[in-house]
Every structure is written in C-alpha cells, then in structure tokens.
Amino acid sequence: MKLSCLRPLAALLLTLGLAACGGKASYDVSGTVSNLNTEGLVLANGGVNLPIKAGQTSFTFAKRIDYGTDYNITVQTQPAHMTCTVSGGTGSAGHYVSIQASVSCARNVYTVGGTVTGLTADGLILINGNAQTTVAKGSTTFTLASPVADGDKYGISVFTQPTGLQCSVAPNTGVGVMGEANVTTVQIACNPG
C-alpha cells in the first residue's frame, strides 16, 4: 500500500480509537518557517494570531483543533523588508496524522532606474555589481534588468560607452542602499566624445 494511502488510514484509526474511549481527536496546527531574518511576521488561524521571531524555523499554534475542524493558516502581518507565503496551510483536521504547513520568506526586491540625456547612439551598457543592462539609442529613461534586494547596496556605472559618446553617472545619484521602494533618480548624461 502506498504511503499516501496510509496517512488518511492512520488518521482514521487514531480518531476511531479515541472515539471508542469517549474522547475526540485533536491536532496541533504547526509547520516550518524558512529564511525569516527580520521581525514582524504574524501568522493567523481561525482568529488566533501567532507572532514568529526572526530566525525561528518552526511554529505551533497554542490552540489545538478537533477532528473535522477546518484550518486556514495565513500571513496576518508581513515581516519588515520581507514577504512570506504559506503553502499547505489549509485543510480539515484528521485528513493527515499531523498538520504541517510551510512558510517561506524572501527579502523584498526593487528596481533601480532613472533618466538618460543625449543618448544618440547605440552601445551604452550600464553595470551594477556583475549585472549588465543595455540602454537603447534614443532612450530617455532606463531600468536595470536585475532588481536589488531591500538593504543591499547598489552602484551604477557605465560599463561600455556608446559609439562616439561619453556617458557618465551624475555624482551621488548612482550609489546607495536599497530602501522599500523603486529607485528612479539615477541620472545618466551623454555628450559627444
């Protein structure tokens, strides 16, 4: 018999055993947490909230639920600078021997871009770290191809000059630490070279 067939059978046998003794089966609502490195995450299930600390790798709601009770684990509050999602967080108690949801968190990412003036030729390539972005002739705005994670540093520079032009990043506009919004203030000026 397949393992997937045994789980509901085991849950049923446990429930029948408890019912024969006059009790009702109850279940922990629990799961795992991955990549949570900031504070502020709050999970919810059936009107009960559960704060999760940075670095925590598992959780269990204090209130157990009875056999047949539906559960729906959701993110009540996202942690600072991150977005978390829940998988396997809905169902009915007793379908499996245990309730094990998975909460996965990732740092928020934002784009970096700005304006370009005087770009009358092809060939301009900008770089941030090792990520390159080509800016087409005639463009007046740009957005880097690779987003930057919240809290990471960025530093935009010209990797390849366009034919016959000399482009430069305006001082203090191409470097910084990513905040909680897209950056649109980088200024690139191109002049005949």
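The values are calculated or read from the model by the stated rules, or taken from the named source; none is laboratory data. Note that the structure is predicted; figures quoted are calculated from it, not measured. Here Cβ is always computed from backbone atoms with ideal geometry, including for glycine, and neighbour counts include all displayed protein chains. When the accessible area is computed, the model is the full protein with side chains, heavy atoms only, and any ligands, DNA or RNA have been set aside. Shrake-Rupley method; radii C 1.70, N 1.55, O 1.52, S 1.80 Å.
Once R0 is set to 30 Å, what does the formula 1/(1 + (r/R0)^6) return for the Cβ-Cβ distance between THR77 and THR141, expressed as a FRET efficiency to the nearest 0.05? Spell out each step's value before the answer.
Values: r = 35 Å, r/R0 = 1.16.
That gives a FRET efficiency of 0.30.
Taking the Cα centre of segment 61-162 as origin, work out the dipole magnitude from +1 charges on Lys and Arg Cβ and -1 charges on Asp and Glu Cβ, in debye rounded to 20.
With only Lys, Arg, Asp and Glu charged at Cβ, the dipole is about 100 debye.
Give me the accessible area per residue for the chain, probe 1.4 Å, as a whole number in Å².
In whole numbers, the chain has 55 Å² accessible per residue.
Treating the beta-carbon of each Lys and Arg as +1 and of each Asp and Glu as -1, no other charges, what is the dipole magnitude of the chain about its Cα centre, to the nearest 20 debye?
Its charge dipole is roughly 400 debye.
Cut-off 14 Å, label point 7 angstrom out along Cα-to-Cβ of ASP28: give me the residues of segment 80-124 whose amide nitrogen falls inside.
Within reach of a label on ASP28, which here means backbone N under 14 Å from a point 7 Å along Cα→Cβ, segment 80-124 contributes 97-101.
Measure nothing but the geometry: give the 0 to 90° angle between the long axis through the Cα atoms of 3-20 and the longest principal axis through the Cα atoms of the chain, rounded to 10°.
That helix lies at roughly 40 degrees to the long axis.
Would you work out what percent of the accessible area of segment 29-177, with all protein chains in place, is carbon or sulfur (probe 1.4 Å)?
The nonpolar share, carbon plus sulfur, comes to 51 percent.
Which residue, chosen from THR184, SER98, TYR110, occupies the Cα position most advanced towards the positive end of the dipole of the chain, where the dipole is computed from +1 (Lys, Arg) and -1 (Asp, Glu) charges on Cβ about the Cα centre?
SER98
Of the labelled options [x] 26.4, 89; [y] 30.1, 101; [z] 17.8, 63, which one gives Rg and Dmax of the Cα atoms in Å as computed for this structure?
So the structure-derived entry is [x].
Measuring from centroid to centroid over Cα atoms, what is the spacing of segment 41-102 and segment 108-146 in Å?
So the two Cα centres are separated by 42 Å.
Let me check against my output: what whole-number percent is the relative contact order of segment 57-193, with C-alpha pairs under 8 Å and at least 6 apart? It would help to have the intermediate numbers written out before the result.
Working: 282 pairs, mean separation 30.5, N = 137.
Averaging sequence separation for qualifying contacts and normalising by length gives 22 percent for segment 57-193.
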